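Below is one structure; the comments refer to it alone.
The values are calculated or read from the model by the stated rules, or taken from the named source; none is laboratory data. The structure presented is a predicted model; accordingly, all values stated were derived computationally and were not measured. Counting neighbours? That spans all protein chains shown, and the Cβs are built from the backbone with ideal geometry, glycine included. With ligands, DNA and RNA removed, areas are computed over all heavy atoms of the protein, side chains included. Shrake-Rupley method; radii C 1.70, N 1.55, O 1.52, S 1.80 Å.
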Amino acid sequence: MMKEINIALLGFGTVGSGTAEALNRNRELIESQLGCQVNLKTVLVRHPEKYAQLDILKGVRVTSDYQEILSDSSIQIVIEVMGGIHPAKEYIYAALQRGISVVSANKDLVALYGPEIIQIALTHHVNFSCEASVGGGIPILQPLHDSLAGNRVDKIIGIVNGTTNYILTNMTDNGASYEDALKEAQAKGFAEADPTNDVCGYDAARKLAILTSIGFRANVTFDDVLVEGIEKIQQEDVTYARDMGYVIKLLAVALREGDGVALNVYPAFVPKSHPLASVKGAYNAIYVVGNVVDDVMFYGQGAGSLPTASAVMGDVISTIKHISNGSAGTGMIMTDIQRIPFYSSLKLKDSYYFRLIVDDVTGVLASIARIFADNDISINEVVQKRRFEKFAELMLIVDTSPRENILRVEDALKNLPTVKSIANIIRVMNDDKK
Ligand code: NAP
Ligand code: HSE
């Protein structure tokens, strides 16, 4: 008789319903690979009455009581797709401690507690996997851990937040204002009603912490990432970037510097020639540089019901294989990580774009150039527009300089009476793809 694996799903929203749909759609394919029957036995939600009539849940127990799942000894895998820290953390820990393997899409949780969760899974000889927590449907965590294991990874640059990429693409391709692009992202369901996590860069920072833990085998968390969001980007910046040969993207960047790592999320001018520049809309991409493979890029839908379910089901299938051959608790990500030093972001060297609104009077440009020179920063490109009656708008791109020098220039410019405002200062990625 064919063996059976029983699964419980915690959460039946976007990802949970997609997971049930993916299992139904590809049941034959999945079961024939595994040689066993895969049953969705129980679904946990807060409001079971909302889900009771769904066709896809016919024959599935829908409950709001987690104890029912924990005390069901036939359940071998729990899929956590509820989101948030509590009670997801407690539910996952309890499952692992009972010898139940867990698959999760929860980046908030993994970015803070990933290594701790893996330790619990190891102790109880069960699997914990979370491919869907970064890049939605893009296979990236397991490939970073396995396929690229023969490399010293030196750089990871991700466009890992679909909402901000959608907003910036809309501003670039359709001339939308930041406010209108954000409203449209909300209307299309990409951005949450409260878009803070996306537009302020926190979602990207969580994903960067997870990517770095695996790619750099470094024990880092969300709190280790310096974060800047896209809230200050205006249509003018997008237009000038385009005129200068760039597109603006929110980047999540992990860099090996010396014996440490620098972790930053920030908007940046990306040269149009760079592969990341062509990642549009809600798509995600993760660009990785290894010392053997050189550069590789992983690309696909970073969110959404079925794309994310694809990653969840991949984890489920590989967990079933581990359970079947008695190797549960092996081959997991984040098992070999250690604390490594952080490289000071003040020392990080980058090229920068400045947009300044200044008095349109003789000598202003000279006084600004003096400030850059005094701080050992070389100006690469200058554009001036007379968009206003009494003011000029100045755009400058400066050569690669340490962040601490850039901050000193910012302070000095603020104290210059002829500078009315510093509209923006944005990093510029250099043309060298590495
Ligand atoms: P969602 O649509 O808001 O669905 C959440 C589900 O979880 C609902 O069915 C809700 O039930 C249930 N739930 C929430 N809190 C619960 C609790 N305390 N007890 C029991 N059930 C609870 O969320 P989602 O978009 O599917 O996201 C789920 C997870 O996947 C999150 O960690 C998210 O970060 C991650 N993720 C999402 C995407 C995406 O495209 N959406 C992509 C990658 C990763 P009720 O309706 O009864 O409240
Ligand atoms: N809010 C996230 C995004 C969802 O926009 O990418 C996927 O994690």
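Observations on the structure shown:
- Residues of segment 278-298 classified as of a type outside the set (D, E, K, R), away from ligand 1 (no atom under 16 Å from the Cβ) and outside any helix (DSSP H, G or I), total: 10
Each row is one residue, and each column tells you yes or no for (1) away from ligand 2 (no atom under 15 Å from the Cβ); (2) in contact with a strand residue (DSSP E or B) (Cβ under 6 Å, 6 or more places away or on another chain).
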{"position": "P87", "(1), (2)": "yes, no"}
{"position": "A95", "(1), (2)": "yes, yes"}
{"position": "R98", "(1), (2)": "yes, no"}
{"position": "V102", "(1), (2)": "yes, yes"}
{"position": "A105", "(1), (2)": "no, no"}
{"position": "L109", "(1), (2)": "no, no"}
{"position": "L112", "(1), (2)": "yes, no"}
{"position": "Q119", "(1), (2)": "yes, no"}
{"position": "T123", "(1), (2)": "yes, no"}
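- The condition of being in contact (Cβ under 8 Å) with a residue 60 or more places away in the chain, open to solvent by 30 Å² or more (accessible area, probe 1.4 Å) and within 16 Å of ligand 1 (Cβ to nearest atom) holds for only one of K89, K107, that being K107.
- Within segment 184-201, considering residues that are of a type outside the set (F, W, Y), within 8 Å of ligand 2 (Cβ to nearest atom) and outside any helix (DSSP H, G or I), the one nearest to D173 (Cα to Cα): A191
- Residue check, V312 within 19 Å of the chain's Cα centre (by Cα) and within 16 Å of ligand 2 (Cβ to nearest atom): yes
- Some residue of segment 58-68 being open to solvent by 40 Å² or more (accessible area, probe 1.4 Å) and either under 13 Å from I317 (Cα atoms) or assigned to a helix (DSSP H, G or I) (or both): yes
- Within segment 204-248, the residues that satisfy the criterion of being among the acidic types (D, E) and either open to solvent by 10 Å² or more (accessible area, probe 1.4 Å) or part of a loop (DSSP other than H, G, I, E, B) (or both) are D223, D224, E228, E231, E236, D243.
- Residue list for segment 124-144, filter: open to solvent by 20 Å² or more (accessible area, probe 1.4 Å) and either more than 16 Å from ligand 1 (Cβ to nearest atom) or without any contact (Cβ under 8 Å) to a residue 24 or more places away in the chain (or both): H124, H125, P143
- Only residues that are assigned to a loop (DSSP other than H, G, I, E, B) and within 23 Å of T14 (Cβ to Cβ) were counted across segment 88-123, and they come to 2.
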